[in-house]
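Notes follow the structure.
Rule-based calculations on the coordinates, nothing more; no lab input. Quantities reported herein were computed from a predicted structural model and do not represent experimental measurements. Heads up, the Cβs are rebuilt from the backbone with ideal geometry, glycines too, and the neighbour counts pull from every protein chain shown.
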Amino acid sequence: MASDCTVRISPGTPIQPLITAGAVLCLEPGRHAGGLFIEVPVTVRGGPGVILDAGGAGAAVLVAGDDIAVQLDGLSLTRGRAEAGGGLRVEGFAEVEARGLHIEGNKATAGGAGVAVHRGRLRLTESRVLDDVLVTGIGRFDAERSSFGGQVLVREAGVLRLGPGAHAGTVDLRATTTRRPTLALDGGVADHVHNDDTLPGVVDGPASAPRARGGGAD
Amino acid sequence: MQARDRSRTPSSPEQAPAAPAQAGRKSGLGNSFLAGRLSAQPTFEDGTPVPSQRGPEVTDSFDPRHRPASVKVGQMGALVGRGSEVLLRTGKTTRSRELARVPDGSPAEVVTVDRTRIQVRVRVGQKNVTGWADAADFTTQPGVSRDEDNKALADDYAYSYFGGDHRPTAPKGTDTAQGALGDCFFIASMAAIANASPQAIKDAIQFDARSGKYTVRFYEETQSGMKPVYITVDSYLPTEKGNRKDPAYAGDPGGPLWPAIMEKAYAQWKGGYDVIGEGGTGDTAMAEISGVRSRSRNPASMRPDEVLPYFQKAQKDGLAIYAGVRNTLKMAAQSPLSGSGSGPYRGTLQQAHSWNEVEPGTLSVTDKGGKVGSARDDGEEGDKSAAILGRDVQSGSIDYQSHQVQVQYRSGRSPANAKDLVVEFEYHGMLNSQKTIIGNHAYAFERVVNGNMLQFYNPWGSYQPSPITAQEFLQYFDSLSTNAVPKNKTAG
């Protein structure tokens, strides 16, 4: 385990009280009680076998703070439940760097069972998201070397960038009468892009770029 | 999100209300409030002028002479004529054969435009028909919801006219009554905002008596803050065809209509009733109504001893408070199957409430005697039935609506006893029938009662929950947000 950990947390130890500004929380392998609420800059680091299980009681991770940098490494997020972003929800004007995540088994009633980005920016790399994704509001989601097994919804003024090695099955865009979402295909691939006939979003980049081979999390 | 069951005994069809009188529309200026007005410029209650609406293709006058220029292919709307029915023809000329007569106010989608004639798609019974009508009969309206049993069809409602000034005078959360649309997030948000600041609701809605139209002010978040958005809607609302005074969505017959007007404006803004019926989040909706960003908490991160102080403080600070209930809950294990040998083992799952159904993909059948391996259902959301699969299962099925389960094990494989087969699953519906807590539903918080209990408001206007404890809040709710809605009059 990395030596810059400020706290090592074994399964069964509550994580929330240990989320303090600047902390580097290192989770030991096993199932940890998820349902984190992050309003301060913090790093939450896992590794193989580290599971954040929200137990159906809320989002596995909710980033709500503004002007903070949050790092999430090597975590499996599961059994999160929320209106949006059951696995990971970015609601604050935060910069969230997420690497090596596995997001599966989460639910949401309004879309984005796995991930929802409403504000701020989420950069996702080397990850696999099996649940649906929602990019909405004024949120920005950058994905590289990651795969998306569920539907990816892009709404309002949300921006989804699929960078090198990012692969989404279906991306669905719909605008409102006052603003449009954007899908930027920047080296990444979307097998199918559905753009609403009446309220279309903006698709920037080739919709049929060849699928990236090698690398990535799929 | 949960729409309310609005089963009603059909009444005899009523004559659709006549189109409003033509008086006061001499200028035919469409939707511009500012140019050429003889009376004072319309303003919101706080004195902010209503901005000029330069809506491109929509005409807002009921004067039919102004409708033809505003119709475009793909537009959603309603056929609003001058009587109880609108005639559709097989061809574009008035000499063409009659195709159908549809009730006045029938939702329609424009398929073709040819000068003063339009071809529209309209639901007639259990199918869509495409016929020609007078463009003057078309009004732009938000698309209605889709028929759950056949998405190719719009729900069988009709737009009806609700004349008069229905602005709120003393709005409160209990004015809201969600209808047959899955937008509980929005209705509960309206209720929460109204509870915290009736003035905010009053500020949001302006009425122009001459045109009979409302302009609703929402807010949209940008990188530089909240920006006002003005949406103008007329006085037509979707209603039951059998009772043209019964709003299909928000609102009850004879009740306050401001929620229905605000809902219609929201639907028009977002792209249709069908769009907002897909659901949304309360934190966003509250911000869109109030102009102030909401603040969320994650119930999963809260300790029980934090819950009551949170609500007490929020109530003391006068915040609008919104909470969402989780979709499913785990049912207690049961052994309802009977059979012998390799089976089949059959049984009906016990549910705690008649509304409850198994959540597809969550059912397991486990042999506590260890003789046969576990089995699981392979259903997905929306399925009415599914297979039950397992290493030792030859065949199995579950009907999610009748709760019936059947499992046939492979030859030579069998549990020692049928009662060893333990069935577990998650269910959706009424998560707690004693407290009346409905799953996958949004609530507006009302107040702390008895010093330590939380009272919520169901935006249906019925099935109100009993006060719940902090522990129960954490058990049932997975979303929570507050909004510091302004109390005093706000500038646009």
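Within straight-line reach of A:Lys107, meaning a Cα separation under 23 Å, sit the following lysines at least 8 residues removed in sequence or on another chain: B:Lys330, B:Lys384.
Subtracting the Cα-Cα distance of B:Arg410 and B:Lys330 from 0.36 nm times their residue separation leaves 25.9 nm of extension gain. Whose amide H sits under 5 Å from the amide H of A:Glu83, counting only residues 5 or more places off or on another chain, with H placed in the peptide plane? Under 5 Å from the amide H of A:Glu83 lie the amide H atoms of A:Thr109, each far enough along the sequence or on another chain. For the protein assembly as shown, B:Cys184 stand unpaired, since no other cysteine beta carbon lies under 4.7 Å from theirs.
Please find the FRET efficiency linking B:Ser462 to B:Thr90, where r is the Cβ-Cβ separation and R0 is fixed at 41 Å, and quote it to the nearest 0.05. Present the calculation step by step, with values, prior to reporting the outcome.
Numbers: r = 45 Å, r/R0 = 1.11.
So the FRET efficiency works out to roughly 0.35.
Listed by chain and number, the lysines whose alpha-carbon sits under 20 Å from that of B:Lys371, ignoring those within fewer than 8 places in the same chain, are B:Lys419. Cross-link partners for B:Lys127 among the aspartates and glutamates, with Cα-Cα distance under 19 Å and sequence neighbours closer than 8 places in the same chain left out: B:Glu85, B:Glu98, B:Asp104, B:Glu109, B:Asp147, B:Glu148, B:Asp149, B:Asp155, B:Asp156, B:Glu240, B:Asp274. How high is the FRET efficiency from B:Thr112 to B:Lys245, r the C-beta distance, R0 41 Å, rounded to 0.05? Rounded to the nearest 0.05, the efficiency is 0.75. Computed over the alpha-carbon atoms, the range A:28-75 gives an Rg to Rh ratio of 0.98, Rh here being the Kirkwood radius from the mean inverse distance.
Considering only B:Ser342, B:Ser402, B:Gly255, and ranking their Cα positions along the charge dipole of the protein assembly as shown that arises from unit charges at the beta-carbon of Lys, Arg, Asp and Glu, the one farthest toward the positive end is B:Gly255.
Of interest is the spacing of the C-alpha centroids, which for the range A:90-129 and the range B:185-214 amounts to 34 Å.
Percent relative contact order of the range A:75-218, based on C-alpha pairs within less than 8 angstrom and at least six residues apart? Could you put the intermediate results ahead of the total?
Details: 513 pairs, mean separation 24.2, N = 144.
RCO, the range A:75-218: 17 percent.
Annotation for the range A:50-65 versus the range B:348-380: alpha-carbon center distance of 26 Å.
Think of the range B:127-217 as having a plus end and a minus end, set by charges on the Cβ of Lys, Arg, Asp and Glu; of B:Gln141, B:Asn128, B:Pro198, B:Pro198 sits farthest toward the positive end of this dipole. The HN-Hα couplings worked out from phi for the range B:274-289 by the Karplus form 6.51 cos²θ - 1.76 cosθ + 1.60 (θ = phi - 60°) are 4, 5, 6, x, 6, x, x, 10, x, 5, 5, 5, 4, 5, 5, 7 Hz, whole numbers, x standing for Gly and Pro.
I need the calculated FRET efficiency for the pair A:Thr6 and A:Glu97, taking r as the beta carbon distance and R₀ as 25 Å, to the nearest 0.05. E(calc), rounded to 0.05, equals 0.90. Label-to-label distance, B:Asn128 versus B:Ser354, with points set 7 angstrom from Cα along the beta-carbon direction: 3.6 nm.
Remark: the protein assembly as shown carries a charge dipole of roughly 1120 debye about the Cα centre, counting +1 on each Lys and Arg Cβ and -1 on each Asp and Glu Cβ. For the residue pairs B:Lys151/B:Lys487; B:Lys213/B:Lys435; B:Lys241/B:Lys487; B:Lys227/B:Lys316, the alpha carbons lie more than 32 Å apart in B:Lys151/B:Lys487; B:Lys213/B:Lys435; B:Lys241/B:Lys487. Within chain B, the ratio Rg/Rh, alpha carbon atoms throughout and Rh by Kirkwood, equals 1.05. Taking the fewest neighbouring Cβ atoms within 10 Å as the starting point, the ordered list for B:Phe473, B:Phe186, A:Phe148, A:Phe93 is A:Phe93, B:Phe473, A:Phe148, B:Phe186. Could you compute the net charge surrounding A:Val90? Neighbours are other residues with a C-beta less than 12 Å from the C-beta of A:Val90; K and R count +1, D and E count -1. Local charge sum for A:Val90: 0. Loop-located GluC sites (Glu not before Pro) in the range B:94-169 (DSSP state other than H, G, I, E, B) with a sparse environment of at most 13 neighbouring Cβ atoms within 10 Å: B:Glu148.
May I ask you to sort B:Tyr161, B:Tyr273, B:Tyr266, B:Tyr310 by Cβ crowding, counting other Cβ atoms within 10 Å and putting the fewest first? Each step should come with its number before you reach the end.
Details: B:Tyr161 21, B:Tyr273 31, B:Tyr266 27, B:Tyr310 18.
Arranged by neighbour count, lowest to highest, B:Tyr161, B:Tyr273, B:Tyr266, B:Tyr310 become B:Tyr310, B:Tyr161, B:Tyr266, B:Tyr273.
Using θ = phi - 60° in the Karplus curve 6.51 cos²θ - 1.76 cosθ + 1.60, the 3J(HN,Hα) couplings for the range B:437-445 round to 10, 9, x, 6, 9, 10, 10, 9, 6 Hz; x is entered for Gly and Pro.
Could you check which residue among A:Arg119, A:Arg140, A:Arg31 shows the biggest mean-square fluctuation in a GNM of chain A with a 10 Å Cα cutoff? Residue with maximal mean-square fluctuation among A:Arg119, A:Arg140, A:Arg31: A:Arg31.
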